[in-house]
Every structure is written in structure tokens, then in C-alpha cells.
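Novice: Would you mind keeping the following structure in view while I ask a few things?
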């Protein structure tokens, strides 16, 4: 029985990413290590009437050698991010599509899906005499990116889309972990994808939750978040399946935990009670003592309330040791990727475990002394003995997810 349980462990064999640094994991890794931010002026839509004017926008792409396929012109931008990242992850894993002959599934998170194209359609529709192409609406639903991945790679197993605001990508990874453990699938393509759209940008501006400059998580004087876009996809496999085909795991998704604050529609629980519960559940699920956590990839939006509440949760879970644990926020580098943020941050965490270093969090000003975090600044921080790390996602509505990731040697 113990051997069977071990064989159902979920190992990571492939990574794929699209971010404001470009198309591909290597662009993301180089950007994370650079100490600079990819958040800046953007062109995705006209934002002159809004209060702020920066975002983490994906450069034009994909690379010329990427095989777009016949459906590419009808895919939304979020679909395209997802398909590219999924193919990259599959290639690194040494797997080939179609996957219909394997027990495989797709588990995806999204917050806006094809909203950008829907906005473009409606903008044209209200103009006198205009007849915008209905194709702009062909992938307007939230499940669009995950379904596009399933179609492109011909995955005939379960296809699930989870949408719980900014926790969606992390929840998708949790769902994939459960499916691997129960034997529902042997392979899971898990992650998330979202593109910039005006309804989200204007909404966060109306809430005054967006910084006019690139966001500065955990810094003194921080003034809000920065919106980003992109996708992150992870190939998860049962250990037995990976071993049977001779694959070498990159890391292990060792455990997860979820909770709800049940407190406020937009503000986090002031003491981070829900996030602390998610962390406790993740550590228990992973069979990991909190003292074994070597670094933290925090949700870290850069909003005054969220950073304080989240660090309170870390302190509740790790105790006084929390001030000694290196902490970073990927959102300070590429922005808040909404429904895909949990996925891209899990990838950043895997890269950190693999390379045994924690990427820096850009931003001016000193670390907020009222928080007391050991925020990694300027250059990557070496963690030579890193074995395990935690990545958190905290969403509107109080939805919280914590993922425990472990190095694989």
C-alpha cells in the first residue's frame, strides 16, 4: 500500500510560460533573475481615460518558428498564451500530442478568458453600420483557454476550468494533484491563462487598488498592484507513469491547501486567518514541517492591506522563524496575472528550487519595517540547501490556496 501511494505522487516534468518578459520559460527565468520589472507602458487597449497607465504586457509573438496551427486565427489572446505554454511544457516533458491514447486531463484557471475580444466586438458593434466578425466571440467564455489546450493537444480525459478570481491557477494545480493521486489521470496539463482587458483594468482602477508606478510588494509606501497577462502550464505526472517512460522529474507538487476567509468581498481577513488555514492544510497534506520551508513565493500584490495580512498568515504558520525565511513576489516582476498568477508563480518557485536561488522583487524604497519580511532584493539570493518552498494565492472573496513544492534530485 505504501508503495502504491508513493507511485501516485505528483511529479513535475514540464514547464511552459508566457509573460511580459516574452514567450517561453527561458525568457521568464532570465527576467526573474535580472532584478528588473517588466511592468511599464502598454498598448493592448486605449487606457488614456484611466487613472494609471502601466501593466505587464506580453510582447508580440509567438516566436516565428512556433507552429500556429489552423485554428490559431480564431483563438483569443488568452487561448494563444495557453496553447503556447502547454506545448512548451509538453515538449520539455518529452511527451507528444495527441494525448488521446493516454490517461490525460487538462486543469485550468482563468478569470477573464476571451474578454478582450468580447470588448473589441462590442466596441465595434455600437458603431453605426459596423458588422464586426462574430469570430471575435468564438472563445469569449472563461473555459476558453483550457478547452483550446484540450483541442490543440487532443486531450480526451477530464477538462476542468476553475475560476475563483486570483486563486484560479493555484486551484487548478490543486485539482490536478487530486486527479493524479486518485488515479483519474496519469498526466495533467495544469495552469492558467488570462490576457489584459479593459473591464478588469478599469475595475481595479475604480477600486484604487492599482499603483501608478510598477507595484512594490512589501515595500514601505507601496500603493497598489499592477495588472499583467500571460500563462503558466505545468505537466504533472504520477511518479509511476514518469518512471515507466524514463522521465526525469524537475520537482514535486508535494501538497496543497485551500480555504476561504468568509470575511469580505474584496479585503483580506486583517489577521490573515484564512491564508494561515490554507498554509496549515498544505503543510499537513505535504507531510512537511513548517521549519522545512526554505523560501516563500508570496501572493504579494503590493496593496497596503494584502501584504500585511499575508505576512501575518506566514507568521502564524512559521512562527518567529518567518523573519529569517527568504521571501519574494513574482507580481513585482511581471505583474498580477489574475487567473494565471498562481500557475506562473508556481513555475517561478520550481525554477528557484531547481537553481537553488530566490529571484529578487524589484521596487524602490525600503522593506516595510512594520512587516519585517526578509524580502529578496536587487539580485538572486542563493539557497544552497533548498529542498521545499511554498507558493500562495489569495483572491477576492477570500479564496486562499497554498502549494508546497519540493526539489527533486
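Novice: Those residues that are surrounded by 13 or more Cβ atoms within 10 Å (Cβ to Cβ), part of a loop (DSSP other than H, G, I, E, B) and at pLDDT below 95, I need them from the range 246-263; list them, please. Quick ask: steps written out before the conclusion?
Specialist: Filtering the range 246-263 down to residues surrounded by 13 or more Cβ atoms within 10 Å (Cβ to Cβ) leaves 247, 249-261, 263.
Then drop every residue that is not part of a loop (DSSP other than H, G, I, E, B), which leaves 247, 249-250, 261, 263.
Across the range 246-263, the qualifying residues are 261, 263.
Novice: With the requirement that a residue be within 19 Å of the chain's Cα centre (by Cα) and outside any loop (DSSP other than H, G, I, E, B), what does the range 289-310 give you?
Specialist: Within the range 289-310, 295, 296, 297, 306, 307, 310 meet the criteria.
Novice: I've got another one for you. Tell me, yes or no, whether the range 98-108 has at least one residue that is assigned to a helix (DSSP H, G or I) and buried (at least 19 other Cβ atoms within 10 Å of the Cβ).
Specialist: Looking for residues that are assigned to a helix (DSSP H, G or I) and buried (at least 19 other Cβ atoms within 10 Å of the Cβ), one finds none in the range 98-108, hence no.
Novice: Hey, among 198, 212, which residue is within 22 Å of residue 339 (Cβ to Cβ), surrounded by fewer than 22 Cβ atoms within 10 Å (Cβ to Cβ) and over 18 Å from the mean Cα position of the chain (by Cα)?
Specialist: Of the residues listed, the single one that is within 22 Å of residue 339 (Cβ to Cβ), surrounded by fewer than 22 Cβ atoms within 10 Å (Cβ to Cβ) and over 18 Å from the mean Cα position of the chain (by Cα) is 198.
Yes/no matrix, rows are residues, columns are (1) closer than 16 Å to residue 393 by Cα; (2) out of contact with any strand residue (DSSP E or B) (no Cβ under 8 Å at 6 or more places or on another chain):
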site: 279; (1), (2): yes, no
site: 291; (1), (2): no, yes
site: 294; (1), (2): no, no
site: 308; (1), (2): yes, yes
site: 328; (1), (2): yes, no
site: 362; (1), (2): no, yes
site: 366; (1), (2): no, no
site: 371; (1), (2): no, yes
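Novice: While we're on this one: So which residues in the range 191-222 are more than 21 Å from residue 35 (Cβ to Cβ) and in contact with a helix residue (DSSP H, G or I) (Cβ under 8 Å, 6 or more places away or on another chain), if there are any at all?
Specialist: Residues satisfying the conditions are 191, 192, 193, 194, 195, 196, 197, 198, 199, 200, 210.
Novice: Right, here's the next one. Could you grab the pairs with beta carbons closer than 6 Å, sequence gap of 6+ or different chains, first residue in the range 29-43 and assigned by TED's automatic domain parsing to the domain that holds residue 380 and modelled with pLDDT under 95, second one part of a helix (DSSP H, G or I) and surrounded by 15 or more Cβ atoms within 10 Å (Cβ to Cβ)?
Specialist: As it stands, the answer is none, since no pair meets every condition given.
Novice: Kindly provide the set of residues from the range 158-184 that are farther than 20 Å from residue 396 by Cα and outside any strand (DSSP E or B), ordered by number.
Specialist: Those that are farther than 20 Å from residue 396 by Cα and outside any strand (DSSP E or B): 158, 176, 177, 178, 179, 180, 181, 182, 183, 184.
Novice: Let me ask something else about it. Take residue 272 and tell me if it is buried (at least 24 other Cβ atoms within 10 Å of the Cβ) and over 20 Å from the mean Cα position of the chain (by Cα).
Specialist: Judged against the criteria, residue 272 is a match.
Novice: From the residues in the range 233-245 that are in contact with a strand residue (DSSP E or B) (Cβ under 8 Å, 6 or more places away or on another chain) and assigned to a helix (DSSP H, G or I), which one is surrounded by the most Cβ atoms within 10 Å (Cβ to Cβ)?
Specialist: Filtering first and then ranking leaves 242.
Novice: Look at residue 55 and say whether it is under 30 Å from residue 177 (Cα atoms) and under 18 Å from the mean Cα position of the chain (by Cα).
Specialist: Judged against the criteria, residue 55 is not a match.
Novice: Hey, another quick one. Would you check if there is a residue in the range 392-406 being part of a loop (DSSP other than H, G, I, E, B), over 15 Å from residue 169 (Cα atoms) and in contact with a strand residue (DSSP E or B) (Cβ under 9 Å, 6 or more places away or on another chain)?
Specialist: no
Novice: Can you go through 280, 267 and tell me which one is part of a helix (DSSP H, G or I) and either touching a helix residue (DSSP H, G or I) at 6+ places or on another chain (Cβ under 6 Å) or not assigned by TED's automatic domain parsing to the domain that holds residue 175 (or both)?
Specialist: 280
Novice: Within the range 45-74, can you find the residues that are assigned to a loop (DSSP other than H, G, I, E, B), surrounded by 15 or more Cβ atoms within 10 Å (Cβ to Cβ) and touching a strand residue (DSSP E or B) at 6+ places or on another chain (Cβ under 7 Å)?
Specialist: Correct list: 52, 54, 58, 61, 62.
Novice: Looking at 358, 350, 367, which one is assigned by TED's automatic domain parsing to the domain that holds residue 313, under 23 Å from residue 319 (Cα atoms) and within 20 Å of the chain's Cα centre (by Cα)?
Specialist: Just one listed residue meets the conditions, 358.
Novice: Look through 292, 324, 357 and report the one residue that is under 30 Å from residue 88 (Cβ atoms) and either in contact (Cβ under 8 Å) with a residue 24 or more places away in the chain or surrounded by 24 or more Cβ atoms within 10 Å (Cβ to Cβ) (or both).
Specialist: Every option except 357 fails the conditions.
The values are calculated or read from the model by the stated rules, or taken from the named source; none is laboratory data. Because the structure is predicted, anything quoted here is derived from the model rather than measured. Cβ: placed from backbone, ideal geometry, glycine included. Neighbour counts: every protein chain shown.
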